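Taking it in order: structure first as structure tokens, then the write-up.
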2 protein chains.
Amino acid sequence: MRNKDEHKERLIRDKAMEMIVKEGFDGMSMQKLAKAANVSPATIYIYFKNREDLLNHLYNEVQATFSEVALKGFSPALNFETGLWLQWQNRLRFINAFPYQYQFYEQFRNSPLINHSDVQLIMDFKANMKQFLTNAVERGEIKKMEPEIFWSLAYGPFYALVKFHLQEKTMLGRHFKISPSKLKSMFNQVIKSFQ
Amino acid sequence: MRNKDEHKERLIRDKAMEMIVKEGFDGMSMQKLAKAANVSPATIYIYFKNREDLLNHLYNEVQATFSEVALKGFSPALNFETGLWLQWQNRLRFINAFPYQYQFYEQFRNSPLINHSDVQLIMDFKANMKQFLTNAVERGEIKKMEPEIFWSLAYGPFYALVKFHLQEKTMLGRHFKISPSKLKSMFNQVIKSFQ
DNA sequence: AATATAAATGAATGTTCATTCACTTATAAA
DNA sequence: TTTATAAGTGAATGAACATTCATTTATATT
């Protein structure tokens, strides 16, 4: 018996995400992917049932990692400002470390493919965030509001800023990381909207 | 001489955007589009040089309309709160009226296709927004900040909320419009972040 | 009414696509 | 060392793709 080559699967996954980010979903054909990963097209089908299965696996993996990183050191018991700032930092860390994975994730979520994927937001993650919001309201740190308003106010500016920087990267061929001081400064302004 | 059928071109454009929103860029093939618009594939090539040209025309058209609607009644001379609220209302009006066009626009902007398009943000629009920011700072209505921070704070929450509602629409098959009171309430919170 | 012209077409064209298959190769277990 | 098994392959398959082309059709101009 011969074992699957973990390195090979990793390469297939990474090249697929890179190709999708650079050339779009149509730009990632199975044959082009095979060539980029130095394998036979048939090899991809050992690891993934088909193209759709591959894409869903990629999405699942990124979502799992992203959720994990976002919640690193987090607890709903943290006070509002500390907890939200921690999450901003965690998220930015992931985006800086894995820009292709993040951009693939965004592209997938914003495409109709997401409708054919039976993927759910990690339970743990959702529960944590809900509890965090409830606690903050109960402590009187923020006023009561609908979850979608909370989410829009708390993360809308963050993701908008990230988008700016990732677009610059695409245009100039290199990645301008968001400076921590700029992020903190904007965070302080966002916090005001909850007061 | 036979004239071009304006109605026919409009139908091609609208069906193309609808297909892209519903099935993604790969889901919109020239032959499927022809069938949806009740024309021959060759007819599409009378109106557009090729597929890429069609997509770029669609993008240009939506951008032009969107910019126009967004600036309706706007002037950089307006005070900060009035001007920003006007733009929020204008933008939401466009999104509610033309959800497919808006979603196509977003999908295009978030895809690598945008890199191959030589389209620029309408000059007039850019200049207006820049002047608006400058004026608000000079009047002491908001503190001085980089344009990308301003943009992220002023529009990040708005677009995040829009995304929420458009996703709900996709899932349930119908469109839940954002209530004006909910929008105004969030707007008031956003304003605080500039104080 | 005749004519010139551009719109509009359906049936091709050659290409690329996702996927399969008969086959070879590497290696864990015996 | 042998053997069973699953990894890995290159070439093939049929479907779908963007685009073209030889014709036909509608109409504005004469």
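The values are calculated or read from the model by the stated rules, or taken from the named source; none is laboratory data. Treat the numbers as computed from the prediction; the structure is a model and nothing was measured. Every residue, glycine among them, receives a Cβ derived from its backbone with ideal geometry; neighbour counts consider all protein chains shown.
Points worth noting:
- One residue alone among A:S40, A:S67 is of a type in the set (G, A, S), within 16 Å of DNA strand C (Cβ to nearest atom) and away from chain B (no Cβ under 14 Å), and that residue is A:S40.
- Failed item, numbered, when B:M145 is tested on (1) free of Cβ contacts under 8 Å to residues at least 60 places away in the same chain; (2) more than 9 Å from chain A (Cβ to nearest Cβ); (3) within 28 Å of A:K177 (Cα to Cα); (4) among the aliphatic types (A, V, I, L, M): (2)
- Screening A:K126 on (1) closer than 22 Å to A:L183 by Cβ; (2) assigned to a helix (DSSP H, G or I); (3) without any contact (Cβ under 8 Å) to a residue 24 or more places away in the chain; (4) of a type outside the set (A, V, I, L, M) shows it passes everything except condition (1).
- Qualifying position, being more than 14 Å from chain A (Cβ to nearest Cβ), within 15 Å of DNA strand C (Cβ to nearest atom) and not small (G, A, S), among B:N56, B:N60, B:N3: B:N3
- Residue match in the stretch B:25-33 (condition: within 14 Å of chain A (Cβ to nearest Cβ) and in contact (Cβ under 8 Å) with a residue 40 or more places away in the chain): yes
- Number of the condition not met by A:R109 [criteria: (1) within 16 Å of DNA strand D (Cβ to nearest atom); (2) within 21 Å of B:N110 (Cβ to Cβ)]: (1)
- A:I114 being assigned to a helix (DSSP H, G or I) and either β-branched (V, I, T) or on the phi < 0 side of the Ramachandran plot (or both): yes
- A:P99 vs. criteria away from DNA strand C (no atom under 16 Å from the Cβ), out of contact with any strand residue (DSSP E or B) (no Cβ under 6 Å at 6 or more places or on another chain) and either farther than 24 Å from B:I114 by Cα or among the charged types (D, E, K, R) (or both): no
- Test for B:L153: is it in a helix (DSSP H, G or I), without any contact (Cβ under 8 Å) to a residue 60 or more places away in the chain and crowded, with 17+ Cβ neighbours inside 10 Å: yes
- Candidates A:L133, A:L84: the one that is touching a residue at least 12 places away in the same chain (Cβ under 8 Å) and within 14 Å of chain B (Cβ to nearest Cβ) is A:L84.
- Here A:Q63 meets each of (1) more than 19 Å from B:N115 (Cβ to Cβ); (2) outside the structural domain of A:I95 (by TED's automatic domain parsing) with one exception, condition (2).
- Of all the listed residues (B:A77, B:A70, B:A16, B:A64), the sole one being small (G, A, S) and out of contact with any helix residue (DSSP H, G or I) (no Cβ under 9 Å at 6 or more places or on another chain) is B:A64.
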